[in-house]
């Protein structure tokens, strides 16, 4: 991305004068709404427009970071893949899925800069530089992403081990939707509220009040592929049918149906230890990714310390009763970039589904 394109993109975006007020009010409407139960698991291009007109930017404290000296896009994206070498990341894929942003908001002496975003249908991962802080770790009390009418809360955030300037911390956050609900493209805003440095360390913990709003434009080239579905496998005395399986270079998403028979009540309302064990097993099926170079990726819960397997970065899942059967979905984040032409197949409970 060059400076001219970036500045043109900035000039194209317009937010209403009450942009910040409307955004915060909209986010508050979503706070506290009932959500499906989700289970988090550890060892889970278009050029973007990035700000509003100059007067509005000044009004809400948002500034566009100068484009001179922008680091390579891969360098800006790399913190969301902490286990990977920058040189090993596929640059062609990054250019299609990733965006340099560069907007900053300063509150209470702390500047939060949205450096970059990389995304697919079901998740958005962002890299931030937090300046004006001493020490880490740090966390925000609240982090939300709004794109149009889609509001996503509960960001999975962490400090990146990647080196940065003194007095600054690299922070990454990931937002994902539920099941096959796609995250739209369009004008977007990330909102953080209140910051804690050294959380849970009584003598070092410091709270900083503030609301950081970071507007940008979210777009990407859809590289996802829907794989053949309908496969059936027997799993722990129940039958699992793959309803939908979508894979992108960043993640995969599977929807499935479980015909539980006499185990329906146990899965619908697990009470005993045996019921809960069955629920855990069925709600997190064994899914692996086989690459053409022989690399294998899988869930640590199924392949703990198994030789030859690399663990997925993370994911989330849901399993709930619906019309006499159990309906489930699972989202898995690879923790690296896997161009689809490099993937041989996805395996679900021993059944191989080729990626073509």
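One line per residue, one yes/no per condition, for (1) at pLDDT below 95; (2) under 21 Å from the mean Cα position of the chain (by Cα):
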{"position": "208", "(1), (2)": "yes, no"}
{"position": "239", "(1), (2)": "no, no"}
{"position": "255", "(1), (2)": "no, yes"}
{"position": "259", "(1), (2)": "no, no"}
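(1) surrounded by 19 or more Cβ atoms within 10 Å (Cβ to Cβ); (2) at pLDDT below 95: which one isn't true of residue 82, the others all being true?
(1)
I'd like to know if segment 139-162 contains one or more residues that are part of a loop (DSSP other than H, G, I, E, B), in the same structural domain as residue 77 (by TED's automatic domain parsing) and buried (at least 20 other Cβ atoms within 10 Å of the Cβ).
Within segment 139-162, one or more residues are part of a loop (DSSP other than H, G, I, E, B), in the same structural domain as residue 77 (by TED's automatic domain parsing) and buried (at least 20 other Cβ atoms within 10 Å of the Cβ).
If I go through segment 90-120 residue by residue, how many of them are under 23 Å from residue 339 (Cβ atoms) and surrounded by fewer than 20 Cβ atoms within 10 Å (Cβ to Cβ)?
5
Where residues in segment 220-237 are at pLDDT 95 or above and in contact with a helix residue (DSSP H, G or I) (Cβ under 7 Å, 6 or more places away or on another chain), which of them is surrounded by the most Cβ atoms within 10 Å (Cβ to Cβ)?
220
So if I check each of 133, 124, 103, which one is over 19 Å from residue 315 (Cα atoms), touching a strand residue (DSSP E or B) at 6+ places or on another chain (Cβ under 9 Å) and modelled with pLDDT of 95 or more?
Among 133, 124, 103, only 103 is over 19 Å from residue 315 (Cα atoms), touching a strand residue (DSSP E or B) at 6+ places or on another chain (Cβ under 9 Å) and modelled with pLDDT of 95 or more.
For segment 326-341, how many residues meet the condition of being surrounded by fewer than 16 Cβ atoms within 10 Å (Cβ to Cβ) and either in a strand (DSSP E or B) or in contact with a strand residue (DSSP E or B) (Cβ under 9 Å, 6 or more places away or on another chain) (or both)?
Of the residues in that region, 1 qualify.
Scan 306, 352 and give me the residue that is surrounded by fewer than 16 Cβ atoms within 10 Å (Cβ to Cβ), touching a strand residue (DSSP E or B) at 6+ places or on another chain (Cβ under 9 Å) and part of a strand (DSSP E or B).
When all the criteria are applied, what remains is 352.
Hey, does segment 210-219 have a residue that's assigned by TED's automatic domain parsing to the domain that holds residue 125 and exposed (fewer than 15 other Cβ atoms within 10 Å of the Cβ)?
The answer is no, given that none of the residues of segment 210-219 is assigned by TED's automatic domain parsing to the domain that holds residue 125 and exposed (fewer than 15 other Cβ atoms within 10 Å of the Cβ).
Here is a list: 242, 258, 247. Which entry is in contact with a helix residue (DSSP H, G or I) (Cβ under 9 Å, 6 or more places away or on another chain) and under 30 Å from residue 125 (Cα atoms)?
Selected residue: 247, the only one of 242, 258, 247 that is in contact with a helix residue (DSSP H, G or I) (Cβ under 9 Å, 6 or more places away or on another chain) and under 30 Å from residue 125 (Cα atoms).
The values are calculated or read from the model by the stated rules, or taken from the named source; none is laboratory data. Remember, it's a predicted structure, so these values are computed and weren't measured experimentally. All Cβ positions, glycine included, derive from the backbone under ideal geometry; neighbour counts span all protein chains shown.
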